[in-house]
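The values are calculated or read from the model by the stated rules, or taken from the named source; none is laboratory data. From a predicted model like this one, the values you see are computed outputs, not experimental measurements. Neighbour counts run over all protein chains shown; Cβ positions are idealised from the backbone, glycine included.
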Amino acid sequence: MARRLGFKPVSRVYGPDLMRRLTEVSALKGYRQFYYGGGPGLADQLAATLKARHPALPVAGTMTPPSDRLRRRKTTPWWRISMRLHPTLYGWD
């Protein structure tokens, strides 16, 4: 991933740095992002903050399910709904 983004080989990538760069690239190339997890309202707040920094960022959607569903995310109806939105990238807590 780092090489594809133009960086030299790395042994560790700091998550927030990766997210900032992926968000920048997503806004430029039209990659749709979907934000999943966190506390109540956190995914919506993250989407709004990133959209304010990158107005061209396509946000496919957000969702903050009850925490017990995080363990079963591939079997929940919400996961199937998010897949219908055709995001390019997912972000979850």
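Some observations on this one:
- The residues in region 18-54 that are part of a loop (DSSP other than H, G, I, E, B) and touching a residue at least 24 places away in the same chain (Cβ under 8 Å) can be counted, and the count is 8.
- Count of region 17-51 residues, restricted to those that are in contact with an Asp or Glu (Cβ under 8 Å, 6 or more places away or on another chain) and either surrounded by fewer than 16 Cβ atoms within 10 Å (Cβ to Cβ) or acidic (Asp, Glu) (or both), is 1.
- TYR14 vs. criteria of a type in the set (Phe, Trp, Tyr) and loosely packed, with under 10 Cβ neighbours inside 10 Å: yes
- The residues of region 35-93 that are at pLDDT 90 or above and of a type outside the set (A, V, I, L, M, F, W, C), listed by number, are ASP44, GLN45, THR49, LYS51, ARG53, HIS54, PRO55, PRO58.
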